[in-house]
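Nothing in this text is a laboratory measurement; each read-out follows from the coordinates by a stated rule. Just so we're clear, the structure is a prediction, and the values are computed from it rather than from any experiment. Cβ sites come from the backbone with ideal geometry, for glycine too, and all protein chains shown count toward neighbours.
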Amino acid sequence: MMHKIFSTITEIFGWIQIVLSPTLIGIAIGFGIYYNCPNLIGIIIAFFMVVIGLTIGIAWATKKYKTTGTIHFLSKISATPELDSMEENLK
């Protein structure tokens, strides 16, 4: 029971991390658009860029959650085999 709760909580945190990546990119692009065009059109385009980033993030995170799992995906992309081989050479 406790293992399943812990697993679910970690998957939720992983899902949020995956969603945040494209969302933050969308926010950055939206900010750049609004900075260069600070009027109503700029606000609308910037808002849509944020929504597009959020939508892509939700779709991507949900796909990873249903297939391999979010924590497995995040651990694969944050793994550093180059550093692991350097560590083995030092021993």
Can you find even one residue in the stretch 22-32 that is touching a Gly at 6+ places or on another chain (Cβ under 6 Å) and among the polar types (S, T, N, Q)?
yes
Please identify the pairs in which a residue from the stretch 60-78 that is under 13 Å from Thr8 (Cα atoms) has its Cβ atom under 7 Å from the Cβ atom of a residue that is polar (S, T, N, Q) and outside any loop (DSSP other than H, G, I, E, B), counting only partners at least 6 apart or on another chain.
Ile71/Thr10
